[in-house]
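What follows is a set of notes on a single structure, which appears directly below.
Only the coordinates and a few stated rules stand behind these numbers; no lab work does. This structure is a prediction, so every number in the text was calculated from the model and none was measured. Ideal geometry is used to build each Cβ from the backbone, glycine not excepted, and the neighbour counts take in all protein chains shown.
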Amino acid sequence: MVERYLAPTTLDEALKALAAGDATIVAGGTDVMPQSQAGRFKLGRTLVNIRRVAGLQGGAKEGDEIRLGALTTISQLREDAFIAKTLPVLAEAADHFASVQIRNMGTLGGNIGNASPAGDTLVPLLVLDAVVELRSAKGMRRLRLDEFFTGPGKTKRTPDELITNIFVPAPKPGFVARFAKFGTRPALDISAVSVGIAGIVKDGKISNVRVAYGAVAPTPVRGRAAEAALEGKTLDAATLAAAAKAAQGEVKPISDRRATAWYRREMIHNLVKKVLADVAHG
Amino acid sequence: MTVVAKSSLIGKRIPKMDAPEKAAGKTRYVQDINLPGQLIGKILRTDRVHARIVSIDTAAAKALPGVYAVLTAADIPKRGLGVNKDNPPLKGDKVRTIRDEIAAVAAETEEIALEALKLIKVVYEDLPILADPRQSTQPGAPVIQDAKPDNIAMTFDYAHGDVAQGEKESDVVVESEFYLHYVTHCCMGVSGIIADFEPTSGNLTLYSNTQVPFLHKREFSEVLGMDPGRIRIIQPPIGGGFGSKLDIYPFEPIAVYLAKAARRPVKLVFTREEEFLASPTRQPALCRLRSGAKKDGTLTFRAVDILLDNGGYTSWGATIPFVMMQTFSSLYRVPHCLFHTKAVYSNNPYAGSFRGYGNLQATFTVEQHMDMLAEKLGLDPLAIRMKNAQESGEVTGQGMVFTSCGFKECLTTAASRSDFARKFTDYAQQQSKPGNKKRGIGLAAMIHVGGGAKIYPSDGCGTILKMDDFGHVTIMTGASEIGQGSETVLAQLVCEELGLPLDAVSVVNNDTEVTPWDVGVHASRTTFIAGNSAIGAARKAKDKILNAAAKVTNMTADQLEMRGGFVVRAADGEMVMPLPKLLRSLHFSDKAELVMTTHYYEPSSVHQDKKFMGNVSATYAWAAQICEIEVDTDTGIVTLEKVTAAHDVGRVLNRMGLEGQIEGGIVMGQGYALTEDLMVRQGKVLNPGFRDYKLVTAPEIPEMDISFIESMDGEGPQGAKGVGEAPAICMAAAIANAIHNATGVRLTRLPFSPENVYRALVTAKGGVVE
């Protein structure tokens, strides 16, 4: 039962509130509210609304990195000119994300913290080599996103920590990244599977390959076998087929009401092929 | 000389009278009504699929402060609801489905009521589950209802001709098994009721979302053991019906019993999850169909065997075979027809009435078979339909009489407007070409009752029409408004008779103490039946007015007319006197007369005999719909690109309202075919929410080209027919035919979800599926 509601305006106040213990962080509330009301998630005694905390909004280039504030909304990801120019794959993912109302409220940090295996920003962030910045009253640490998730709804964040920023390396020349989500609707659809692929394409060859999948494991995962099948290769038909086969072989999805495991593996195969074809044809 | 011009509202685009309030979010639904002293009712539903109830302990719930009543089956009379009376409002001996009501609470607040539910302890003894309707009639199957030890809730048999003879005459025969799945209505307004007893008289007022207030009143009186004269039903604006509110459901008498026990008004409104779990579904059906034709495409016979999954209880919806058989027997000329259906009990959620009432299922099978026969005979889909299509003047084997019939015009209009013949050939040729996007086009047609349906001894509707001293008309009609636009159409029809503008009319249609009897909003009957009733009342008022006007002028009544709020000379429109002046001269004179009339309209149709023979409707609606789709063979996603629809509507009354009905029905049919699926596994509902029960959303709605065929029905109000259900009926069949045109693969199981389509495509190519 919530006994206390806090709406800090500075990071220090927010971290102090978390340090006091038994607190639930709420930003957009698009996951916290429905989940707690459905009884799937128990609210702490203190509800900390971080929405007004200054300095955690928007994206900017900082040295070799791009910083994305955790309070950046999904709508901002979709509409922000800087993000559209530097990290268009995030804008693409945001364009397929839930509904307009949810995009207006939901935040990037929230999507990461919620740790859904089907979270729409997570697969693109994985192929962007994202790093999560966590702050607490005790200090700051950075964790690689591909080591951050531990299970559905579970991460390495400790209860006193707040996701403050996400950092991704600034794209190098020739860098491409694509995201494809399987769904029957243009939006408002929880994906049965999703695929992200990134790399540097030069003279028809792809290197520094990153592949990631959504909704095929307890967390969003990197596709190491598909990456290996692609690394340094020319993007011809044989490579595409081999990578798609590798992807299909390495995912271990479950059957649930949204799809059977067999169909998910088939879709991973076909989506990887489709996304790679897009990359190959520029 | 002042001439009043003639004007008409018929065929115009008129926004619905209730649209401004709804669009502004100001409509007050049952959710918005709160009575003084009202308590909140909540129902405890079982989490078991099939179990004996060993004990229910309500002591702790009763002791909770703020709780005013806790009821179980032991506290209420043992009377069942529904057509088989097999559904007691609270279950005492055993539970048969996941949604079963076992206890109910009335409390000061919703929170207290929910807390009280948690304190009720139920001990069960689980029973074997009957989840597959095919097992229901197998030896040793668990018995669901003791009164029906064979698990058969209802059977329907119909025949004309001799199918064996028909088979002998056939050059080709096709046989298939079709499966149609569970879907539910998804009304935006969830179910709800408020029950309020007058403290001293004991009279009961119900604020109810029912579509059938007068039948409801009767069934309430039976289940409650109350004099029906002491029950009043007021219908607040209804947030969608689509057939879901044709039955009385357990929650309604439960609210009444709670109000009685607590001696306070009780409001009981579903959560969205409850709406998914505890409101009815469309009947899942397993249909085996065998059809034959001669070389020239002439149909020879049709043999139908259908298994309907009734679920644990029997709703009025179990009578859908009554409508299904009309499509099998009479959509086309079929000399020999044999039809058998069984609705069997299972431990699944129970099915009810749903827009189209069995016709979506029937049309899905018949219209795929028309394409399959055509393919075998080397005919095109349009040709085989035109060869067998009904025409005006036909009397079918079932005794249905087609007076006005625009069927062939529907077929040719839709075909030419969609360029069907060319596209059908082109797309079929492109099936084997490379590429993962395949386009297809598919045709389906339908018949549905369009002049009421005499399934009760009466199919009538009463109207009281009252004019005030200022020329304003109040129409009191038995026909309910459930969003279909009946208020506006009734007002238009009355305006047409009385020469009044629309704003001179108001409609009262929601209070059984005021409005005259009507059988209910179903069977696409309101425009036709209530419309004719309203016209009758208006004509009586007009006679009265013109006769009175004749007396004060030196003209006869037939030389006079009503236009624009005036009595005018019929010959040239010359104004004789303003209508209000005439009304006052009648009212405030030694004549002391009010213009107030009543009319009861009963259509010419007949109640069918025990063999289901007879002309059940005064007229019939016809339609042809053509769907263009694209199949992504890499994912199985079917995108509906365009729908070309041609509907025989008799006559267009409100063009905007009609377009709305057709468009809405098309989208409902699209959802049925492609996205909606209430997943029931081992009696459990896996997706009771909009996240995983996928309604069609705005971006997926296809381009539509809608034509109206005006066949000017002789008995219809201004020539119109009922079309409320028609637009949803063809869609799944047309999409199935389009998928076949695109891919060469015939899909006989709904829904055409991406995975189901993908599996079928892989299997057809000889691939392995897991």
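Which value, in Å to one decimal place, does the Kirkwood hydrodynamic radius take for the range A:175-280 when every pair of different Cα atoms is included?
In the range A:175-280 this quantity evaluates to 13.6 Å.
Note down the Stokes-Einstein diffusion coefficient of the protein assembly as shown in µm²/s, whole number, using a Kirkwood radius over alpha carbon pairs, 25 °C, and 0.890 mPa s.
So the translational diffusion coefficient is about 77 µm²/s.
What are the radius of gyration and Dmax of the range A:59-169, computed over its Cα atoms and given in Å?
Cα radius of gyration and Dmax of the range A:59-169 are 13.1, 37 Å respectively.
Based on DSSP H assignment, which helices of chain A show an axial Cα extent of at least 15 Å together with a mean Kyte-Doolittle hydropathy greater than or equal to -1.0?
Once both thresholds are applied, what remains is A:237-250, A:261-280.
Any idea what % of Cα-Cα pairs in the range B:191-312 are farther than 16 Å?
The answer is 69 percent, as a whole percent.
Sequence gap at least 6, Cα distance under 8 Å: using those rules, report the relative contact order of chain A to the nearest whole percent.
15 percent.
Rounded to two decimals, what is the ratio between the C-alpha radius of gyration of the range B:50-139 and 2.2 N^0.38 Å?
Normalised Rg, Cα atoms only: 1.26.
Could you tell me the relative contact order of the range B:643-747? Use alpha-carbon pairs under 8 Å, at least six residues apart, and round to a whole percent.
44 percent
Expressed as a whole number of Å, what is the distance separating the alpha-carbon centroids of the range A:90-125 and the range B:702-730?
Measuring centre to centre over Cα atoms gives 45 Å.
Straight-line reach only, C-alpha to C-alpha below 18 angstrom: list the aspartates and glutamates that B:K62 could link to, leaving out same-chain residues fewer than 8 apart.
B:D75, B:E101, B:E108, B:E110, B:E111, B:E115
Looking at the range A:20-83, which trypsin sites (Lys or Arg not before Pro) are DSSP coil and have at most 10 other C-beta atoms within 10 Å of their C-beta?
Answer by residue number: A:R40, A:K42.
Please identify the helices of chain B, taking whole runs of DSSP H, that span at least 24 Å along their own axis as judged from the Cα atoms and have a mean Kyte-Doolittle score of -0.5 or higher.
Those that pass (Cα extent of 24 Å or more, hydropathy at least -0.5) are B:359-377, B:531-552.
Which whole-angstrom value gives the distance between the alpha carbon centres of the range A:22-86 and the range B:421-437?
48 Å
Need the list of aspartates and glutamates near B:K6 for cross-linking: C-alpha distance under 18 angstrom, and skip anything on the same chain fewer than eight residues off.
B:E496, B:E497, B:D503, B:D558, B:E561, B:D572, B:E574
Under the definition of Cα pairs under 8 Å and six or more residues apart, what whole-number percent is the relative contact order of the range A:175-280?
For the range A:175-280, the relative contact order is 26 percent.
DSSP beta bridges in chain B, what fraction antiparallel, as a percent rounded to 5?
Taking every DSSP beta bridge with both residues in chain B, the antiparallel ones total about 80 percent.
So if I take the centroid of the Cα atoms in the range B:464-511 and the same for the range B:86-122, what is the distance between those two points in Å?
Answer, in whole Å: 42.
Going by average Cβ neighbours within 10 Å, how do the peptides B:576-584, B:481-489, B:82-90 rank, with the highest at the top?
B:481-489, B:82-90, B:576-584
Cα-Cα over 18 Å: which of A:K274/B:K765; B:K168/B:K295; B:K42/B:K85; A:K202/A:K274; A:K85/A:K274?
A:K274/B:K765; B:K42/B:K85; A:K202/A:K274; A:K85/A:K274
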